[in-house]
Amino acid sequence: MKSAVETLNPTRVRLTVEVPFEELKPSLDAAYKKINQQVTVPGFRKGKVPARVIDQRFGRGAVLEEAVNDALPKFYTEAVNEGELNPLGQPEVDITELKDNELLAFTAEVDVRPAIEIPDYSGIEVEVDAVEVSDEDVEKSVEQLRERFASTTPVERAAADGDVVTIDLEAKVDGEVLEDGVAKGVTYTIGSGELLDGIDEALTGVEAGGSATFTSELKGGSAAGKEAEVKVDLATVSARELPELNDEFAQMASEFDTLEELKADSRMRLEQMKKYDQATQAQEKVLDALIQLVEVPIPEKLLEEEIRTRKHNLEHHQLGQMGLDLEAYLKIQEKTAEEFDAELKEQAEKGIKTQFVLDELVSKEQLNVGQEELTEHLMRRAQSSGMSPDQFAQAVVEGGQVPMLVGEVARGKALAVVVEAATVKDTNGEIVDLDDEDETGETVEAGAEGDSGASEEAAAPAEAAEAAETAEGKSEA
């Protein structure tokens, strides 16, 4: 077999392949055998029909077609390996010549991973928020804990801000009660803002057994985005009583003996959270800076598939679970379809660029993934998916997703290398040492998981994988 590679553009090539006919013999024999098992010819036992009889009865062309279809993947793969190519997606194959007993020639056009040059990234500098925990932050944290231990007492008076009420709701649009617009026995805290706009004002001043009607735009369900007339019936009113902030409360709500110890622990936890957020922020900004340094051509078809995948996931998974369609979502977000499409394209481009650049870094830095690293990553992914580690591992193996997880960990390590080389300062001008953070490794991996579905094809053509998440962040939905 002879093959040649023609570069059509930085992300697409054409392979020209010539195969001597004798190399088709294994596939030709297999074609005769397959046809033999499918046909019945009088005078011959099934599976024992001679090749010449098959040619006479069914035509040599049918046998050649079967043999070529069987052989093409093998010869295409050999040509890809000879050309040292990294194909993305399926090739467009055209048989240019097929001479019986002489020659098979074909061309295959396919998108390929572009050659990327990683420049010196040691000069990257980013600024992140300083880790500062104020007394007000601590007081707010303790107050939230206090809210969790609040008690309620039924009262015989009109409902007021902060009261816990039990209500029934009925929503109408254009005078018709919605099928999914009725809810009974709902417990709600007035002023929490957790239900419909306007409900707090409607309930305030109403006594148990009373009703109120107000107009609100529905945020979910079958009539999301539409104005509805909502009737609310108030069944019970209870006042919330917060426990006193003292040592007794600290002993009840925590393992500490004094309120001061509880506050000190709250301060420490807040500092840890802000350090975690700081590390995440550093990784995202370093990644953005790195991508800006690298010229990354993007295959047009890969980008189209990535955009299509993202839009499908948003419409049929995220919005579907929220009871919204795309039109209602765009109305809530106050975006036009054109603005949405532009943002989606921008996110898809960044996802693909991120994966290409980090994969190139993995190769350049010769980064490997150990079993322990893979296991730790699998445990985290299992936890975020709500599955047990055993269930998640089984799903990954059965779905052929192990290479995808390995790629996620490797890209996380690649980003960690760049972050380590970068200069990270906080808003006070102080150098931030991310090596001290236990959370950094996990955050890096999460940030580098690539939020593209199609871009997993970029990582390994044979492994179309579900979208991985990238440092770019999550969908606005």
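So is Glu327 buried (at least 18 other Cβ atoms within 10 Å of the Cβ) and over 29 Å from Val417 (Cα atoms) or not? Judged against the criteria, Glu327 is not a match. Scanning the range 106-129 for residues that are modelled with pLDDT under 95 and either basic (Lys, Arg) or assigned to a loop (DSSP other than H, G, I, E, B) (or both) yields a count of 11. Is it the case that Lys33 is part of a helix (DSSP H, G or I), loosely packed, with under 14 Cβ neighbours inside 10 Å and modelled with pLDDT of 85 or more? No; evaluated as a whole, the condition is false for this residue. Taking the conditions exactly as written (under 15 Å from Met1 (Cβ atoms) and surrounded by fewer than 15 Cβ atoms within 10 Å (Cβ to Cβ)), does Thr96 satisfy them or not? Spelling it out, Thr96 is indeed under 15 Å from Met1 (Cβ atoms) and surrounded by fewer than 15 Cβ atoms within 10 Å (Cβ to Cβ). Please indicate, with yes or no, whether at least one residue in the range 112-123 is free of Cβ contacts under 8 Å to residues at least 24 places away in the same chain, surrounded by 11 or more Cβ atoms within 10 Å (Cβ to Cβ) and basic (Lys, Arg). Looking for residues that are free of Cβ contacts under 8 Å to residues at least 24 places away in the same chain, surrounded by 11 or more Cβ atoms within 10 Å (Cβ to Cβ) and basic (Lys, Arg), one finds none in the range 112-123, hence no. All of Glu207, Glu194, Glu229 fail the test of being over 14 Å from Val165 (Cα atoms), out of contact with any Gly (no Cβ under 6 Å at 6 or more places or on another chain) and either assigned to a loop (DSSP other than H, G, I, E, B) or touching a residue at least 24 places away in the same chain (Cβ under 8 Å) (or both), apart from Glu229. For the range 323-374, a residue qualifies if it is outside any helix (DSSP H, G or I) and under 17 Å from His312 (Cβ atoms), and the qualifying residues are Leu324, Asp325.
Filter the range 82-103 down to the residues that are over 43 Å from the mean Cα position of the chain (by Cα) and not in a loop (DSSP other than H, G, I, E, B), then identify the one that is nearest to Thr11 (Cα to Cα). I'd like the intermediate steps shown before the answer.
Of the residues in the range 82-103, the ones over 43 Å from the mean Cα position of the chain (by Cα) are 97-103.
If we keep only those that are not in a loop (DSSP other than H, G, I, E, B) as well, we get 97-99, 103.
Numbers: Glu97: 26, Leu98: 29, Lys99: 32, Leu103: 30 Å.
In this case the residue turns out to be Glu97.
Kindly provide the set of residues from the range 210-226 that are without any contact (Cβ under 8 Å) to a residue 60 or more places away in the chain and either within 25 Å of Leu319 (Cβ to Cβ) or outside the structural domain of Asp163 (by TED's automatic domain parsing) (or both), ordered by number.
Start the filter on the range 210-226 by keeping residues that are without any contact (Cβ under 8 Å) to a residue 60 or more places away in the chain, which leaves 210-218, 223, 226.
Correct list: Thr215, Ser216, Glu217, Leu218, Ala223, Lys226.
The number of residues in the range 167-177 being more than 17 Å from Asp233 (Cα to Cα) and surrounded by 12 or more Cβ atoms within 10 Å (Cβ to Cβ) comes to 1. When restricted to residues that are assigned to a helix (DSSP H, G or I), touching a helix residue (DSSP H, G or I) at 6+ places or on another chain (Cβ under 8 Å), of a type in the set (Gly, Ala, Ser) and surrounded by 12 or more Cβ atoms within 10 Å (Cβ to Cβ), the range 382-427 contains 7.
Yes or no, residue by residue, for (1) at pLDDT 95 or above; (2) closer than 22 Å to Gly220 by Cβ:
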position: Val286; (1), (2): yes, no
position: Glu300; (1), (2): no, no
position: Glu304; (1), (2): no, no
position: Glu315; (1), (2): no, yes
position: Asp325; (1), (2): no, yes
position: Ala328; (1), (2): no, yes
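Among the residues of the range 115-149, the ones that are closer than 19 Å to Met252 by Cβ and hydrophobic (A, V, I, L, M, F, W, C) come to 4 in all. For the range 2-13, filtered to residues that are within 23 Å of Ala67 (Cα to Cα) and not hydroxyl-bearing (Ser, Thr, Tyr), the residue that is surrounded by the fewest Cβ atoms within 10 Å (Cβ to Cβ) is Lys2.
The values are calculated or read from the model by the stated rules, or taken from the named source; none is laboratory data. All figures in this text were calculated on a predicted structure; none of them were measured in a lab. Neighbour counts are summed over all protein chains in view; Cβ atoms, including those assigned to glycine, are modelled from backbone coordinates with ideal geometry.
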